[in-house]
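*Asks:* Structure below; questions to follow.
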Amino acid sequence: MRISIAVLAAVLTLSCAGVLRNPQPMTPEQAGAGAWERLAHLRSFGFTMSFHTDMPFAIEVKFTGAREQADREAWSGFMRRRTEVSRVELRAEGPEQYEREQSGWRRTMRGIETRVLEQGEAAFRGRSLEFAGTEHGRYLYAFKPDLPILDPTQTKKLTGVMEVDPRSGLPVRLYCSDSARTAEWELRLGRFNRAGSVDVPYEPAMTVDAIPTRPLGRAPFGRAVAVVNQRLAKLGWEHRLRRTSRGLVLLLGQPKSRRQVELLFSRGSVEIWQGRWIATGESTGAAVEVGGDAARRVVLERRLAANEQIAAEVRTTTPLAAALVTSAALPDDRGPAILVVDGVAMSAARSDPDGRLVFQDIGNEDDVRVVVALASAGVSPSDFVITLEQ
């Protein structure tokens, strides 16, 4: 039977060493004030944590890991509960954490078990730290620990000590135990600013393979990637984008429709034109259909705005429909405003009472958001052929 990861919620972990040296050692008062808070300002640090107790039953935990300032953490170790041993490997970023299972990484909401700063601080939060002298070049601060994981019945007399490096003012060790050492908890910290980056797994709901429709040199391809990244940033989609020898691979945290992905990887030329409706029976080769409707044909006469000139936003009308709204105004009432994306007339509009153009019938809210993202970014040097995998 697998040991519940919830047991970790009361565990502390840190193993690190880093060297932020001051010209002169701090005084005990200076080093002790804010020692724990200094950890949060480091680029990274490593940690090791171990504890064991015999109450209410025998349990032992050992972990090593690292924390990166980008709120990423990695934990690897084991838990022994009575005679049952379970390997545990965790990764965390922001509000989510990942636990390795036989089938792969399982994503859940992040808990205290992957928040090393909170776990460490919990041992002495609200307790006074009393300077207890110097040992092996470190300042020692004694405190009465609050560790229910070691003493759930509160029958053990626990003591704790924090060791602080006088030159960096950083804690390098927390240790708590009872006099008989039937319950011990130790947290070692190090590799300050030298623990490196933490790799967080990513389990996509959709994979998109995108290949340019024409050969691109290094500079144009870099421009195309930059434009796609701009669009993704505007959309706020959970994603990972990487280059390949053939093009791009996009990993999406949530599935999207083919139309939305095709728009994302289109050239993305968004324009607003003033047009003139074609009268019934009128013959002209310059007319385009609006929204694919052969009964609504228009001649584009005057371009009013284009990418990055269009301050567009989404207006939700119903759960299944939304409108694109822009402050671009018609100069007169001689014809409608036409929204054109990559040469296709998607929608027509007239100015509303506030002088804004409201383009309807583009699609649902996500469809409209993609068009807004296209309008806010530049035009890509090429569109892409996409292959979807879910």
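The values are calculated or read from the model by the stated rules, or taken from the named source; none is laboratory data. Given the structure is predicted, the values throughout are model-derived calculations rather than measurements. Neighbour counts are summed over all protein chains in view; Cβ atoms, including those assigned to glycine, are modelled from backbone coordinates with ideal geometry. Note: areas computed on protein heavy atoms with side chains; ligands, DNA, RNA excluded. Shrake-Rupley method; radii C 1.70, N 1.55, O 1.52, S 1.80 Å.
*Asks:* Note down the net charge around G104, summing +1 for each Lys or Arg and -1 for each Asp or Glu among other residues with Cβ under 13 Å from its Cβ.
*Replies:* Here the count lands on 0.
*Asks:* Run the numbers on the chain and let me know its relative contact order in percent, using alpha-carbon pairs under 8 Å that are six or more apart.
*Replies:* 16 percent
*Asks:* With springs only between Cα atoms under 10 Å apart, run a GNM on the chain and tell me which of G169, G137, G65 wobbles the most.
*Replies:* G137
*Asks:* Going by amide H atoms built from the backbone, whose H comes under 5 Å of the H on D165, apart from near neighbours?
*Replies:* It is L170, V172, by chain and number.
*Asks:* How far, in degrees from 0 to 90, does helix 218-235 lean away from the longest principal axis of the Cα atoms of the chain, to the nearest 10?
*Replies:* The angle comes out near 80 degrees.
*Asks:* Ignoring ligands, DNA and RNA, please state the percent of accessible area on the stretch 65-164 from carbon and sulfur, probe 1.4 Å.
*Replies:* 46 percent
*Asks:* Please give the net charge around H52, taking every other residue with its beta carbon less than 15 angstrom from that of H52, where Lys and Arg add +1 and Asp and Glu add -1.
*Replies:* -1
*Asks:* Continuing with this model, one more query. Treating the angle as unsigned and between 0 and 90°, give the value, to the nearest 10°, between the Cα long axis of helix 365-376 and the longest Cα principal axis of the chain.
*Replies:* 80 degrees
*Asks:* For N364 and E313, compute 0.36 nm times the residue count separating them, minus their Cα-Cα distance, and round to one decimal in nm.
*Replies:* Length difference between fully extended and current span is 17.0 nm.
*Asks:* Let me ask something else. Given a 10 angstrom Cα cut-off, can you work out which residue in G190, G94, G32 is the most mobile in a GNM of the chain?
*Replies:* G94
*Asks:* First select every other residue whose beta carbon is under 14 angstrom from the beta carbon of T182; then total the charges, Lys and Arg +1, Asp and Glu -1.
*Replies:* So the surrounding residues net to -2.
*Asks:* Now, a different point. In the set (i) 220; (ii) 145; (iii) 191, which value of volume of the Cα convex hull per residue in Å³ was calculated from the structure you see?
*Replies:* Among (i) 220; (ii) 145; (iii) 191, the one calculated here is (i).
*Asks:* Which residue, chosen from A195, V228, S179, occupies the Cα position most advanced towards the positive end of the dipole of the stretch 141-239, where the dipole is computed from +1 (Lys, Arg) and -1 (Asp, Glu) charges on Cβ about the Cα centre?
*Replies:* V228
*Asks:* Let me ask you something else. Where nothing but the Cβ of Lys and Arg (+1) and of Asp and Glu (-1) is charged, how large is the charge dipole of the chain around its Cα centre, in debye to the nearest 20? Don't jump to the answer; show the numbers that get you there.
*Replies:* Details: 52 positive and 48 negative charges, 201 e Å.
Taking the Cα centre of the chain as origin, the dipole is about 960 debye.
*Asks:* Nearest 500 deg cm²/dmol is fine: what mean residue ellipticity at 222 nm does the chain get from its DSSP H runs of n ≥ 4 alone, each adding -39,500 (n - 2.57), divided by its residue count?
*Replies:* Numbers: 6 runs with 54 residues, N = 390.
For the chain, the value works out to -4000 deg cm²/dmol.
*Asks:* May I ask you to evaluate 6.51 cos²θ - 1.76 cosθ + 1.60, the Karplus curve with θ = phi - 60°, for each residue of the stretch 86-98 and list the ³J(HN,Hα) values in order in whole Hz, giving x for glycine and proline?
*Replies:* 9, 6, 9, 9, 10, 9, 8, 8, x, x, 10, 9, 10
*Asks:* Among E99, E289, E184, determine the one that fluctuates most according to a GNM of the chain built with springs between C-alpha atoms less than 10 Å apart.
*Replies:* Taking springs between Cα atoms under 10 Å, the residue moving most is E289.
*Asks:* For the stretch 107-258, what does the accessible surface come to per residue with a 1.4 Å probe? Please give it in Å².
*Replies:* 50 Å²
*Asks:* Roughly how many debye, to the nearest 20, is the charge dipole of the stretch 323-390 about its Cα centre, given +1 on each Lys and Arg Cβ, -1 on each Asp and Glu Cβ, and no other charges?
*Replies:* It comes to approximately 220 debye.
*Asks:* Can I ask one more? Short version: ³J(HN,Hα) in whole Hz for each residue of the stretch 282-291, in order, from phi by Karplus 6.51 cos²θ - 1.76 cosθ + 1.60 (θ = phi - 60°), x for Gly and Pro, what are they?
*Replies:* 6, 10, 7, x, 8, 7, 10, 7, 9, x
*Asks:* While we're looking at this one, here's another question. Enumerate lysine pairs in the chain that are 8 or more residues apart or on different chains, then count those whose Cα atoms are under 28 Å apart.
*Replies:* So the count of such lysine pairs works out to 6.
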